[in-house]
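Data first, discussion second: the structure below is written as structure tokens.
The values are calculated or read from the model by the stated rules, or taken from the named source; none is laboratory data. No experiment lies behind these values; they were computed from the predicted model shown. All Cβ positions, even for glycine, are placed from backbone atoms using ideal geometry, and neighbour counts span all protein chains on display. We work out accessible area using only protein heavy atoms, side chains counted, and drop any ligands, DNA or RNA first. Shrake-Rupley method; radii C 1.70, N 1.55, O 1.52, S 1.80 Å.
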Amino acid sequence: MPFQFKQFSIHQDKTAMKVGTDGVLLGAWAPLEHQPFSILDIGTGTGLIALMLAQRTDAEQIDALEIDEAAYEQAVENFENSPWSDRLFCFHAGLDEFIEEPEDEYDLIVSNPPFYSEDYKTDNEQRDVARFQDAMPFEDLVEAADLLLSEKGILAVILPFKEEAKFIALAKDFDLFPIKITRIKGTPSTEIKRSLLAFSRFETLDFTVNELVIETSRHNFTAEYITLTKDFYLKM
């Protein structure tokens with residue numbers, strides 16, 4: 001069964017990476033105040049984030065990049081079945097290949113990168129590759145953003161909270177500076193689990209840093225989370 005959103009659906013039978021909260025958070029949260037004309041989703045998986053951004057923007061060029069063949073095929077299928085198929089395009093390539101001969105600059109680059117940096121393997125090799133940081137080291141992601149971002153461009157990512165400081169320091173090495181940070185907690189009493197980070201080429205000293213709690217108890221979602229995701233989830 002495809003995962004049904006309000007304006008599109010995601011088929012995910014071919015890929016190990018299923019629709020998850022992280023992707024939905026990034027797709028709904030990524031800053032759009034600068035009205036991007038061109039968007040790049042690095043490591044698109046099923047195509048979820050690219051599709052959410054097609055729904056949220058008038059961007060005329062939304063490119064996605066996916067190295068895993070099954071996921072690439074799935075993303076293409078999901079793009080073609082969406083209302084925005086004329087604006088969405090998926091490349092079957094790794095990031096290193098893609099940046100060898102960059103054709104375009106992008107006003108927004110998004111990525112929900114694979115991120116198990118600890119020594120972690122499961123019995124599902126396809127899922128391991130999809131989740132594993134050696135599939136896309138943070139350094140490669142930041143370097144690509146520096147190369148591909150337009151002058152006013154924004155890089156938006158979701159990461160484990162424990163990687164936040166490291167990623168910010170890495171971005172600074174490429175003159176990319178945080179402009180917005182939202183830290184995610186599952187419930188009010190749990191630890192911060194994820195960080196949503198947005199960067200630009202311009203240093204901002206008093207940028208927004210806030211927290212978002214997803215639910216107060218099982219399936220009792222907070223008003224903030226509902227506000228963020230209600231344009232997408234059917235039952236919000």
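For n ≥ 4 DSSP H runs only, could you compute -39500 (n - 2.57) per run for the chain, divide by its residues and tell me the 222 nm figure to the nearest 500? It would help to have the intermediate numbers written out before the result.
Values: 8 runs with 69 residues, N = 236.
Helix contribution divided over all residues of the chain: -8000 deg cm²/dmol.
Note down the accessible area of Ile168, probe 1.4 Å, to the nearest 10 Å².
About 40 Å², rounded to the nearest 10.
Would you list Ile62, Ile214, Ile226 from the most to the least accessible area, probe 1.4 Å?
Details: Ile62 0, Ile214 25, Ile226 60 Å².
If we order Ile62, Ile214, Ile226 from most to least accessible, we get Ile226, Ile214, Ile62.
Could you list which residues have their amide H under 5 Å from that of Asp41, counting only those 5 or more apart in sequence or on another chain, with H placed in the peptide plane?
Those lying under 5 Å, H to H, from Asp41 are Asp63, Ala64, Leu65, Val110.
How much solvent-accessible surface does His11 expose, in Å² to the nearest 10, with a 1.4 Å probe and all protein chains in place?
For His11, solvent-accessible area is about 50 Å².
Summarise the accessible area of the chain (1.4 Å probe, protein heavy atoms) by the percent that is carbon and sulfur. Intermediate results must be reported in sequence, preceding the final value.
Numbers: 5630 of 11560 Å².
Of all accessible area on the chain, carbon and sulfur atoms account for 49 percent.
Could you put Phe98, Phe232, Phe202 in order of accessible surface area, largest first, with the 1.4 Å probe and the full protein assembly present? Intermediate values should be presented prior to the final figure.
On the way: Phe98 30, Phe232 5, Phe202 110 Å².
Reading off the accessible areas and sorting them downward yields Phe202, Phe98, Phe232.
Using the Cα centre of the chain as the reference point, and only Cβ charges (+1 on K/R, -1 on D/E), how large is the resulting charge dipole? Debye, rounded to the nearest 20. Kindly include the intermediate steps, with their values, before the conclusion.
On the way: 21 positive and 44 negative charges, 325 e Å.
That gives a dipole near 1560 debye.
In whole angstrom, note down how far apart the Cα centers of region 84-98 and region 199-234 are.
The two parts, judged by their Cα centres, are 27 Å apart.
As a test, work out the antiparallel percent of DSSP beta bridges whose residues both lie in the chain, rounded to the nearest 5.
Values: 20 of 46 bridges.
Around 45 percent of the beta bridges assigned by DSSP in the chain are antiparallel ones.
Per residue Cα convex hull volume for the chain, in cubic angstrom?
Details: hull volume 30.3 nm³, N = 236.
In the chain, the Cα convex hull volume per residue is 129 Å³.
Pairs Lys18/Lys230; Lys6/Lys235; Lys172/Lys193; Lys152/Lys180; Lys152/Lys230; Lys162/Lys230: which are spaced more than 18 Å apart, C-alpha to C-alpha?
Working: Lys18/Lys230 20 Å; Lys6/Lys235 9 Å; Lys172/Lys193 23 Å; Lys152/Lys180 15 Å; Lys152/Lys230 28 Å; Lys162/Lys230 28 Å.
Going by Cα-Cα distance, Lys18/Lys230; Lys172/Lys193; Lys152/Lys230; Lys162/Lys230 fall outside the 18 Å limit.
Sort Phe167, Phe37 by heavy-atom solvent-accessible area, probe 1.4 angstrom, most to least.
Details: Phe167 0, Phe37 105 Å².
The ranking, largest first, comes out as Phe37, Phe167.
How much accessible area per residue does the chain have, in Å², with a 1.4 Å probe? It would help to have the intermediate numbers written out before the result.
On the way: 11560 Å² over 236 residues.
I get 49 Å² per residue for this part.
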